[in-house]
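These notes concern the structure reproduced below.
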Amino acid sequence: MIAFWAMPLLAVAAMAAPADTIHQYCVPCHNERLKTGGLVLAGLDPAHADSHAEVWEKVIRKLQSNAMPPVGMPQPNEAARNELIGSLETQLDRAAAGHPNPGRPILHRMNRAEYGNAIRDLLALKVDASTLLPPDDSAYGFDNISDVLGVSPALQEQYLSAALKIGALAVGDPHTTPGSETFRIPEDLSQNQHIEGMPLGTIGGSRFLYNFPLDAEYVLQAKLYRTNLNIMRGLEVAHQAEFSIDGTRVYLTTVGGPKDLDALFAQPTDAGDAVDARLRVRVPVKAGPHEVAVTFLEGPEMVAPDRLQPYLRSSVDNFDWGGLPHYQTLAITGPFAPTGPGNTPSRRRIFVCRPTGAADETPCARKILGTLARRAYRQPVSDADMRTLMSFYQAGRRDGGFEGGIEEGLQRILASPKFVFRVERDPAKPGPPVYRISDLELASRLSFFLWSSIPDDELLNAAIKGTLSDPATLEREVRRMLADPKAEALTKNFAGQWLHLRNVTNILPNSDLFPDFDDNLREAFRTETEMLFDSIVREDRNVVDLMTADYTFVNERLARHYGIPDIYGSRFRRVHLTDDARRGLLGQGSILATTSHAERTSPVLRGKWVLENILDAPVPPPPPDVPPLKAPAEGEKPKSMREQMTEHRANPACAVCHKIMDPIGFAMENFDAVGAWRTRDASGPIDASGQLADGTKIDGVVSLRDALVAHPDRFVSTLTEKLMTYGLGRGVAYYDMPVVRGIVRDAAQQNYRFSSIVLGIVRSAPFQMRMRNVEAEADVRKDVRK
């Protein structure tokens with residue numbers, strides 16, 4: 001039994017242990033003389049970590065990822081490492097609790113995705129914002145970071161132009177002049193099968209959502225792909241080409257057959273032009289959003305005649321004029337002979353009243369514009385706001401009547417800084433430097449976090465009443481919003497950037513090495529991972545299931561690629577995985593293909609992806625003069641990827657990072673550059689063995705995954721940081737890390753459910769509080785250091 005008098009001595013010894021660890025394993029490199037990595041730890045006392053919080057947060061991150069001490073250098077044992085980490089975290093968390101520092105995001109402009117969603121929710125109008133606004137810059141992995149959402153005169157002009165176009169489209173401007181929009185179909189889309197979402201009994205083609213501005217006639221013009229010699233493909237036999245709107249056929253014609261084939265041999269270019277002319281029709285269409293599709297009717301003629309088809313992709317050879325026809329473009333032109341604005345969803349949303357006479361017009365206009373402005377500005381509308389809007393209404397009414405006035409008023413709303421920007425103003429009265437934001441500001445933060453859009457009426461009403469900040473109300477609203485279909489924005493925008501799913505579009509494998517790869521598979525990759533993430537959100541599952549899920553979502557094309565039997569058709573469905581290698585993100589084609597090169601795998605890219613997105617251990621950029629891997633000389637036996645990387649790591653400057661990255665990437669080498677399973681490559685059997693930075697031995701993707709989730713809090717912490725960065729619209733700084741750790745600890749009590757992490761972020765000081773000004777922020781930081 002330990003004597004009571006010995007207790008203080010034991011406590012002193014325990015407190016000294018972290019200092020001993022730092023002195024023994026860190027200071028030899030991080031001292032005043034060497035200053036390795038620009039970091040000096042000599043003279044810093046880990047027992048007072050809060051006095052140099054930024055430095056010690058860096059130390060914690062390096063220790064947790066086993067990046068320091070470097071591989072090959074003396075290492076503390078696991079107990080000493082954990083004791084040091086725990087001691088530093090305890091002190092930093094305690095100091096942060098007494099001096100919250102929520103940061104101060106600057107003026108936040110709507111990015112392109114948010115703008116499109118806001119128009120959808122404000123006006124019941126889906127627009128392709130990519131055709132109206134340029135791409136946004138990104139930072140910290142996301143394109144909603146306020147620091148990089150700058151404003152230039154050219155960008156202001158584009159927002160104004162977008163407001164004018166959208167206002168005219170939403171109201172149904174009778175002066176709309178005919179225009180044309182062309183939709184392109186990827187050349188590598190296999191059109192020898194049914195396409196998901198297309199009418200049953202059809203093969204190939206594609207479908208597009210188009211907003212028809214007026215009740216009028218429109219010209220639909222499709223064109224078929226031609227070979228590199230300008231010869232139209234697939235005219236050997238007759239095919240029935242169908243145009244449909246909202247699933248209803250509006251045109252049917254025949255392309256191909258003996259007559260077209262004879263013309264093809266006589267005048268190849270003229271024959272193709274004649275077929276294109278036949279794929280043109282002028283039809284009356286009601287105003288509003290409609291789905292326009294071009295396809296071929298399924299039939300025996302839709303099988304390539306007497307021709308071998310060794311590949312899953314139906315358009316491999318750009319010189320082959322045989323096989324099946326493939327659609328290339330669909331152009332929609334109009335309106336012609338308009339008859340009126342129609343009864344569109346946007347008009348029903350806008351015109352909440354109808355004047356019965358001239359005396360009713362002004363009150364009705366005030367009601368319409370006031371209702372729209374309240375939602376668009378995310379706050380009650382002031383008298384000054386209404387005076388501005390009504391002046392635009394009156395100007396528009398003079399030339400265009402009541403609806404012309406409403407159109408100009410709407411355009412003014414959409415061009416207003418109060419719509420395009422999220423502004424959080426400091427309180428007028430002096431007060432403490434850190435303050436709680438208003439309920440209205442909280443509503444905007446919440447809606448742009450979970451929906452990438454403006455608040456709906458229910459959320460806005462709670463904010464106006466001042467009840468949103470009530471903990472029970474706030475939790476109820478968060479859960480309601482996560483269950484809303486608009487929460488798909490978390491999948492499209494958050495997961496799309498965190499997991500690099502937006503890069504799937506750019507996957508272009510070497511078609512000589514991977515001739516089966518097509519756009520059908522590319523889209524299936526993206527859909528699979530989006531549906532997995534969405535299932536975590538909708539079912540409120542443990543977020544670690546992203547790494548370990550024993551289920552996935554496939555259609556026939558993806559199932560064939562993975563070797564999953566008995567899956568037929570283009571519809572995606574949930575399936576149980578019997579192959580452990582395919583479980584979770586590390587077994588999905590979207591991740592594996594985006595971290596490969598066009599002609600080969602890349603252990604470096606895969607290892608870097610895992611370190612940065614699963615373990616939150618950023619990898620420094622490579623030196624500028626790193627040579628590419630050497631290609632084998634003619635007649636030389638190909639070297640395995642491991643052999644090539646061994647030569648590459650001969651440079652000591654490269655070896656430090658590669659020792660951490662490469663074992664992770666090698667563990668995934670059984671997946672080729674397009675995510676298909678293999679046991680051999682050109683050099684021989686795959687060797688997927690290795691050793692992680694912490695000494696854990698692995699042999700393939702299954703043991704790698706097991707090692708990564710052995711400490712689930714590491715992955716959950718990474719997800720929390722990424723989600724907080726996205727939710728705050730700013731980078732997570734060292735002073736946010738105590739908050740992140742608190743959210744992870746609390747989420748552990750809820751089995752790491754997705755909602756527990758979201759609620760933890762929403763309840764946190766960085767989300768609900770704000771710094772008054774830059775000087776006040778500096779004062780708070782000084783207080784923390786004291």
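Some notes on this structure:
- Cut-off 9 Å between beta-carbons: net charge of the residues surrounding R600, Lys and Arg +1, Asp and Glu -1: -3
- Placing pseudo-labels 7 Å out from each Cα toward the beta carbon at R538 and N228 gives an inter-label distance of 4.4 nm.
- FRET efficiency, S152 to R502 (Cβ-Cβ, R0 22 Å, nearest 0.05): 0.40
- Shown here for the stretch 548-632: GluC sites (Glu not before Pro) in loop regions (DSSP other than H, G, I, E, B) with at most 16 other Cβ atoms within 10 Å, namely E599.
- E291 versus K367: modelled label distance in nm, points set 7 Å from Cα along the beta carbon direction: 3.5 nm
- Spatially proximal lysines relative to K126 (Cα-Cα < 30 Å; intrachain offsets below 8 disregarded): K165, K223, K286, K367, K418, K486, K492, K722
- Accessible solvent surface per residue of the chain, calculated while the other protein chains remain in place, 1.4 angstrom probe, Å²: 45 Å²
- Only protein heavy atoms count here; under a 1.4 Å probe, S756 has an accessible surface of about 20 Å².
- Distance between the stretch 532-587 and the stretch 444-493 - C-alpha centres, whole angstrom: 29 Å
- Pair-distance profile P(r), taking every C-alpha pair of the chain, with 20 angstrom steps and integer %: 14, 39, 35, 11, 1, 0
- Potential extension, N31-R249 segment - 0.36 nm per residue separation minus Cα distance: 70.8 nm
- Per-residue SASA entry for C29, accessible area with 1.4 Å probe, Å² rounded to 10: 40 Å²
- Accessible surface of the stretch 500-541 [probe 1.4 Å, protein heavy atoms]: carbon and sulfur percent: 47 percent
- The distance separating the Cα centre of the stretch 723-762 from that of the stretch 319-376 comes to 41 Å.
- Separation of alpha-carbon centers, the stretch 215-285 and the stretch 80-151, rounded to whole Å: 48 Å
- Linear extension gain, K697 paired with D457, 0.36 nm per residue minus alpha-carbon span: 80.9 nm
- Accessible-area composition of the stretch 141-186, carbon plus sulfur, in percent [1.4 Å probe]: 58 percent
- Here r is the Cβ-Cβ distance between R94 and D746 and R0 is 22 Å; the resulting FRET efficiency, rounded to 0.05, is 0.85.
- Pairwise FRET efficiency - H597 versus A331, Cβ, R0 = 30 Å, nearest 0.05: 0.25
- Net charge, G167 excluded, C-beta distance under 9 Å - Lys, Arg +1, Asp, Glu -1: -1
- Ordered by solvent-accessible area of protein heavy atoms (1.4 Å probe), largest first, the residues C657, C26 come out as C657, C26.
- For P509, net neighbour charge (Lys/Arg +1, Asp/Glu -1) across residues whose Cβ lies under 13 Å away: -4
- Distant alpha-carbon pairs in the stretch 111-151 (separation over 17 angstrom), percent: 35 percent
- Nitroxide proxy distance, nm - points 7 Å out along Cα→Cβ at D262 and D579: 5.1 nm
- By accessible area with a 1.4 Å probe, ligands and nucleic acids excluded, highest first: order of H500, H290, H711: H711, H500, H290
- R349 exposes around 100 Å² of accessible area when a 1.4 Å probe is run over every protein chain in place.
- Candidates per GluC sites (Glu not before Pro) in the stretch 25-131, loop by DSSP, up to 10 other Cβ within 10 Å: E32
- Additional length obtainable on full extension of the chain from V619 to A19, 0.36 nm per residue less Cα span: 213.3 nm
- Mean residue ellipticity at 222 nm, helices only, the chain: -13500 deg cm²/dmol; runs of at least 4 DSSP H residues each add -39,500 (n - 2.57), and the sum is divided by the number of residues.
- Normalised contact order of the chain, rounded percent, pairs of Cα under 8 Å and 6 or more residues apart: 15 percent
- Among T388, T295, the sequence by solvent-accessible area, most first, with a 1.4 Å probe is T388, T295.
- q = 0.18, 0.20 Å⁻¹, the stretch 186-286: log10 I(q)/I(0) [Debye, one scatterer per Cα]: -0.96, -1.13
The values are calculated or read from the model by the stated rules, or taken from the named source; none is laboratory data. Since we're looking at a predicted model, the values are computed, not measured. When we count neighbours, we look across all protein chains shown, and the Cβ atoms used for this are built from the backbone with ideal geometry, even at glycine. Just the protein is used for accessible areas: all its heavy atoms, side chains included, with ligands, DNA and RNA removed. Shrake-Rupley method; radii C 1.70, N 1.55, O 1.52, S 1.80 Å.
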